[in-house]
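Below is one structure, written out as structure tokens, with a few remarks after it.
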Amino acid sequence: MRCGWPISKTNRRIIVSRDMDDCPFRAQDAIPQIAPTHRFQWEEAQQCYVILYPEGMVKLNGSAAEILKLCNGEMSVAELIRDLKAQFPDADVAADVVRFLQVANENGWICAKRSS
Amino acid sequence: MAGSAQNARPKPLWLLAELTYKCPLQCPYCSNPADFAKYKDELSTEDWLRVLRQARAMGATQLGLSGGEPLARRDLETLIAEARRLGFYTNLITSGVGMDEARVRAFREAGLDHIQLSFQAATLELNDYIAGTNAFQHKKEMAHAVKKHGFPMVLCFVLYRENEDQIEHMLELAIRLEADYVELATTQYYGWAFLNRDRLMPTRAQIEQGERIAHAYQEKMKGKMKIYYVVPDYYEQRPKACMNGWGSIFLTITPDGTALPCHAARQLSGLLFPNVRDHSIEWIWNDSPDFNRFRGFEWMKAPCRSCPERFKDFGGCRCQAYMLTGDAANADPVCSLSPQHGLIEKALESAREANRSEKPLIFRNPKNSKPFVEKKRPLART
């Protein structure tokens, strides 16, 4: 049943995007977590963190990885910003975090944990 | 993005394990080699476990478990468990035939990450005709089981002339089955699909209509279901960046242990691909002559050699160049800059003719494979 060509054998077109306005992480009390279809892990051979999902991979830069480490389904956006500010006092953490969470959400890497 | 030692050696990030050529289905668009019946000596569980460990150590992250029908391997659960333990993202690429709910649960327990389930069409009649067996109802049941056990699910519909007009039906079916991703993939012409090209090739009007419908659903399903629509390269002016370049990220291991830079490469004449029974993945990937044969840009002929687009498309697909022009080092004739681009025009013309003459489909099964094993029929037409 070899029918679905893996991503690189095809000239696949990806057109789906999500609206920026829909981003749930504009709310400071939203709790981001890695989407259940995705996995976030350290890759020894590549010396970087990656996001893995069905038939795909994204390599992450250092700051993206630092933010995703905290997207553990336990911390709110506000707590996450506070934590990172303590680690990186010189950076404009709040703006970076909000911008990155938006991108991560659009790409489907993270989702909001439903408050129970 | 980080991790960018740009000049570092390429890594086999994508490992495609074709566990077996056995398959209960007979799809005439299968990309397995036409002479698959000659490869009977399948790798053992131990062999596969060694391949997984070696490839993972070299940086492989994605593992595709495919075939044939991978469910035909009884050690599938064992392989999944080890792959997951090693840190692979494990993808099961299946027809669903050979699965039941207990097995879906077992895959979950073994740590499988994702299931890609194929359909041959959106209607029972056409699905089961193309599959060569009654499978449609079972596939729907399996889709429910896959979702019930919490897997992300990709539904894969291979498109060909007879089902290309069912795209709307396919997408509605996918919505009902709660697919996370839908792949509408027009047949690529390798293996059995190449033999049946005249019958499978959709018309340009069908493709344009299909694209319109796919786009409308992409809008409608935004944020809920991802939809990929793959256009056949015969209708393009530039070739696909096949496998992201030869020996660049992709490694296929066939059921008998032959290592290939792409699952269609086995047919390329003059190359004797190495086997994992004789060599380590490290040697195969880094040092074997065949994996280096079309790496980089040195091997290219005109017009690719001096083309500014060679860094983007790597000259297209080596297998397509070989199948259509007889020389794997030629430019992929899909490219309008190729001096042999006329072959593509001819293929499209031939498909239009066949549309009228109703040439029979050759179904993928051991019986139909035999003439190719005995070399009574050529594998490529040049």
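Odds and ends about this structure:
- Residue ID - nearest to residue A:25 (Cα to Cα), chosen from residues in region A:92-116 that are part of a loop (DSSP other than H, G, I, E, B) and free of Cβ contacts under 8 Å to residues at least 24 places away in the same chain: A:114
- For residue B:230: the one exception among (1) at the interface with another protein chain (Cβ under 10 Å from one of its Cβ atoms); (2) in contact with a helix residue (DSSP H, G or I) (Cβ under 7 Å, 6 or more places away or on another chain); (3) not small (Gly, Ala, Ser): (2)
- Any hit, region A:6-25, residues being within 11 Å of chain B (Cβ to nearest Cβ) and at pLDDT 90 or above: no
- Residue in region B:114-124 that is closer than 30 Å to residue B:9 by Cα and either more than 9 Å from chain A (Cβ to nearest Cβ) or of a type outside the set (Phe, Trp, Tyr) (or both) present: yes
- Of all residue pairs spaced 6 or more apart or on separate chains, those with beta-carbon atoms under 7 Å, a first member in region B:1-24 that is over 28 Å from residue B:287 (Cβ atoms) and of a type in the set (Gly, Ala, Ser) and a second member that is assigned to a strand (DSSP E or B) and modelled with pLDDT under 95 are B:2/A:48; B:2/A:59.
- Qualifying residue in region B:39-47 (condition: modelled with pLDDT under 95, in contact with a Pro (Cβ under 8 Å, 6 or more places away or on another chain) and assigned to a loop (DSSP other than H, G, I, E, B)): yes
Here is a yes/no grid of residues against (1) touching a Cys at 6+ places or on another chain (Cβ under 8 Å); (2) modelled with pLDDT under 95; (3) part of a strand (DSSP E or B); (4) buried (at least 16 other Cβ atoms within 10 Å of the Cβ):
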| position | (1), (2), (3), (4) |
| --- | --- |
| A:28 | no, yes, no, no |
| A:37 | no, yes, no, yes |
| A:41 | no, no, yes, no |
| A:46 | no, yes, no, yes |
| A:52 | no, yes, yes, yes |
| A:57 | no, yes, yes, yes |
| A:64 | no, yes, no, yes |
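- Total residues in region B:216-227 satisfying the condition of being at the interface with another protein chain (Cβ under 7 Å from one of its Cβ atoms) and outside any strand (DSSP E or B): the figure is 3.
- Of the residues making up region A:47-63, those that are of a type in the set (A, V, I, L, M) and facing chain B (nearest Cβ under 8 Å) are A:50, A:52, A:57, A:58, A:60.
- Residues being of a type outside the set (D, E, K, R) and assigned to a helix (DSSP H, G or I) - total across region B:107-124: 3
- Number of residues in region A:74-91 that are in a helix (DSSP H, G or I) and under 24 Å from residue B:223 (Cβ atoms) equals 2.
The values are calculated or read from the model by the stated rules, or taken from the named source; none is laboratory data. Being a predicted model, the structure only gives us computed values, none of them experimental. Note that we place each Cβ from the backbone using ideal geometry, even for glycine, and neighbour counts take in every protein chain shown.
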